[in-house]
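Laboratory data are not the source of any read-out in this text; all were calculated from the coordinates shown. Note that the coordinates shown come from a computational prediction; the quantities given were computed from them, not determined experimentally. Here the Cβ positions follow ideal geometry from the backbone for every residue, glycine too, while neighbour counts run over all protein chains shown.
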Amino acid sequence: MRTDSLIDRLANELKPVRRRSVRRDALALVVLCAVELGLFFVMGMMRSDMLVAMHLPSFWWKLASLGLIGLVSGTVAILSLDPARSPRRGLRRTVALIAVCLASGWLLDASRDGFSALMSRLDWVHGLQCLYNVVLLSVPPVIGLGVLMQRGAPTDLDGTALAAGLAGAACGAFVFVFACPFDDPLYVAVWYSLACGAITLFARFTLPRLTRW
Amino acid sequence: MALQPRNYSAVVQPLSARGSGADNRAWDAMMAAAQRGDGSTYHRLLSEVAAWLQRYYARRLPQAMIDDAIQDTLIAIHEKRHTYDPTRPFGAWLAAIARYKWIDALRSLKMKPTEALDDDIPVPDHEGAVTSAWSLERLLATLKPAQSQVIRLVKLRGLSIEEASKATGQSAALVKVNIHRGLKRLTSLLRSESDAD
């Protein structure tokens, strides 16, 4: 087809469009996470010792870290849906934030027991269950971000997919914090990192193929 | 190992989509009107954009790929027009999409042999072909010699893997690996340049 004919066709089939809005995209993601959290509570999945847990520094470390990581990486992912914006700088900040979160967890951990018997604290059986649950809860936000990617125009698909994977994984893990009875920073650092890493890698290699434009 | 030259910024230069600031603002307004459904303004805008894309890709792609790249970009602009924010310059938005489609076109070089920028083939726009060849040479100069050599032979001159293998003394498998790695490196160079912008 000649370019002139293509231009004629595109101009003839032009319809008004509703502009993409960063706030609307962010709101959609927040609503999705809130619905997931609400359903989680309605299904009676909240941990039974929540009142006790709320007095533990490690519980708040876990909740705040995942909330912050989700917020920052979600913002990076949504902003990078604009073709003129790259997610790379935001991703570097997210990685720095994750390092700070893990380091602060390590400080909490070191101040508690020292470094003895670390392996025994990993609790493999429950750890694998936690990993499975976090992955499961991360699926809706990752799909939601994938839909936003499809609708947006990210020009660095790999970077945006990475940010979307991180955001989705952090959202899923954030929701799971309310059910998970384990607050040991070592346990959280290992099992939550594995689950978030798996989801992030999955998103990194899957979303670019599905959202290419 | 010797460091490769990295002076590709001349090829990946910043874009000023139109001549003057007033012209750029005119494009901003035209795209905003297009988002409201103004077909005639949109037609004018796409025609001007097509002319700009012609110049943009002429400096960056082999002659045979230019029309496809222009049409792909126009379709992308049409499909993603809702992502343009009228409070920001249209030129930057357009340049980002053009660059994305350029990288796509370079990536497609991995999948299919392209027409050669051969000295013997008559080219209608000789200046464009020369500029295109010059830009590609500048990009290829950022690669390892073994990689740029086989990309030149196979992707630009149209030789088969076996012929390139004989010409360079590399094994056929190594030719394939060098083409793959070279094109991958080119794509990541363009990406990192885009990030720096």
Theoretical ellipticity at 222 nm over chain A - DSSP helices of four or more residues, -39500 (n - 2.57) apiece, nearest 500: -24000 deg cm²/dmol
Between helix A:193-210 and chain A, what is the angle of the helix's C-alpha long axis to the longest principal axis, kept within 0 to 90° and rounded to the nearest 10? 10
Chain lengthening between A:Asn12 and A:Ala198 when straightened (0.36 nm per residue, less Cα-Cα): 62.4 nm
Sorted on mean Cβ neighbours within 10 Å (highest first), peptides A:83-90, B:138-145, A:166-173 come out as A:166-173, A:83-90, B:138-145
Going by how many other beta carbons lie within 10 Å of each one, how would you line up A:Val134, A:Val95, A:Val35, fewest first? A:Val35, A:Val95, A:Val134
Given a Förster radius of 41 Å and the C-beta distance between A:Val100 and B:Ala172 as r, what FRET efficiency does 1/(1 + (r/R0)^6) yield to the nearest 0.05? 0.25
What is the distance, in nm, between label points placed 7 Å from the Cα along the Cα-to-Cβ direction at A:Val22 and at B:Lys184? 3.4
A correct Karplus calculation of ³J(HN,Hα) over region A:73-78, with 6.51 cos²θ - 1.76 cosθ + 1.60, θ = phi - 60°, whole Hz and x for Gly and Pro, returns 6, x, 4, 4, 4, 5
For chain A, find the longest principal axis of its Cα atoms and tell me its angle to the long axis of helix A:3-12, 0 to 90°, nearest 10. 80
With Cα coordinates, the longest principal axis of chain A makes an angle with the long axis of helix A:157-177, in degrees rounded to 10, of 40
Ratio to report: Rg/Rh of region A:32-176, with Cα atoms as the point set and Rh obtained by the Kirkwood method; give two decimals. 1.02
Nearest-0.05 FRET efficiency for B:Glu162 and A:Ile143, computed from C-beta distance (R0 45 Å): 0.45
How much net charge surrounds A:His55 when only other residues with a Cβ under 12 Å from its Cβ are counted (Lys, Arg +1; Asp, Glu -1)? -2
